[in-house]
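Undergrad: Encoded as structure tokens, here's the structure I'll be asking about.
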Amino acid sequence: MKLRYTILYVDDVAASLDFYGAAFGIQRRMLHESGDYGELDTGATTLSFSSRRLMTELGKAPGRPDPAHPVFEIAFETDEVAAAHARAVAAGAEDVQPPQAMPWGQVTAYVRDRDGFLVEICSPVTEQP
């Protein structure tokens with residue numbers, strides 16, 4: 001078994017795809033003609049978006065992220081955490097934590113996307129002496 005995709009429930013799929021393109025440089029893979037589903041080109045595991053409206057029509061009751069109490073995060077890895085963090089904030093992401101060196105050999109930063117989801121921007125973990 002493998003993780004194939006993660007779907008975030010949002011109000012405006014196209015706007016979320018555009019935000020992730022501007023904030024993180026991730027290309028859009030597709031947006032369904034209905035506007036209710038879209039995907040980003042993130043490699044083997046797809047980051048997808050579905051409208052809350054569609055999920056409600058399908059009998060689900062999608063909630064909204066609670067920025068004060070996140071229960072989920074998305075992580076993007078890069079060698080340039082500070083530059084990626086600055087780009088995300090310039091594109092409208094809310095700064096949660098500026099880049100910080102962690103004791104396990106990684107630099108991490110956090111932002112909140114336009115829909116309230118927590119996004120980690122991190123470097124690869126390096127070996128510690």
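The values are calculated or read from the model by the stated rules, or taken from the named source; none is laboratory data. Every value quoted in this text rests on a predicted model; they were computed, and no experiment measured them. Don't worry about glycine lacking a Cβ; one is built from the backbone with ideal geometry, like all the others, and counts go over all protein chains shown.
Undergrad: Against the condition modelled with pLDDT of 95 or more, part of a loop (DSSP other than H, G, I, E, B) and more than 12 Å from Val13 (Cβ to Cβ), how does Gly59 come out, does it pass? Walk me through it before giving the result.
TA: Values: modelled with pLDDT of 95 or more: yes; part of a loop (DSSP other than H, G, I, E, B): yes; more than 12 Å from Val13 (Cβ to Cβ): yes.
Here the answer is yes, as Gly59 does meet what is asked.
Undergrad: For the range 2-29, name all the residues that are surrounded by fewer than 19 Cβ atoms within 10 Å (Cβ to Cβ) and more than 24 Å from Ala84 (Cβ to Cβ).
TA: If the condition is that a residue be surrounded by fewer than 19 Cβ atoms within 10 Å (Cβ to Cβ) and more than 24 Å from Ala84 (Cβ to Cβ), then Lys2, Arg4, Asp11 are the ones that fit.
Undergrad: Also, quick follow-up: Within the range 1-16, track down each residue that is without any contact (Cβ under 8 Å) to a residue 60 or more places away in the chain and hydroxyl-bearing (Ser, Thr, Tyr).
TA: Answer for the range 1-16, where residues must be without any contact (Cβ under 8 Å) to a residue 60 or more places away in the chain and hydroxyl-bearing (Ser, Thr, Tyr): Tyr5, Tyr9.
Undergrad: Please state which one of Ala68, Ala82, Ala44, Ala88 is outside any loop (DSSP other than H, G, I, E, B) and either over 12 Å from the mean Cα position of the chain (by Cα) or closer than 26 Å to Met1 by Cβ (or both). It would help to see each step written out before you state the result.
TA: Details: Ala68 fails: outside any loop (DSSP other than H, G, I, E, B); Ala44 fails: outside any loop (DSSP other than H, G, I, E, B); Ala88 fails: either over 12 Å from the mean Cα position of the chain (by Cα) or closer than 26 Å to Met1 by Cβ (or both).
Sole residue among the options that is outside any loop (DSSP other than H, G, I, E, B) and either over 12 Å from the mean Cα position of the chain (by Cα) or closer than 26 Å to Met1 by Cβ (or both): Ala82.
Undergrad: Which of (1) out of contact with any helix residue (DSSP H, G or I) (no Cβ under 9 Å at 6 or more places or on another chain); (2) surrounded by 12 or more Cβ atoms within 10 Å (Cβ to Cβ); (3) over 28 Å from Met30 (Cβ atoms); (4) of a type in the set (Val, Ile, Thr) is the odd one out, the single condition Thr108 does not satisfy?
TA: It fails just one condition, (1).
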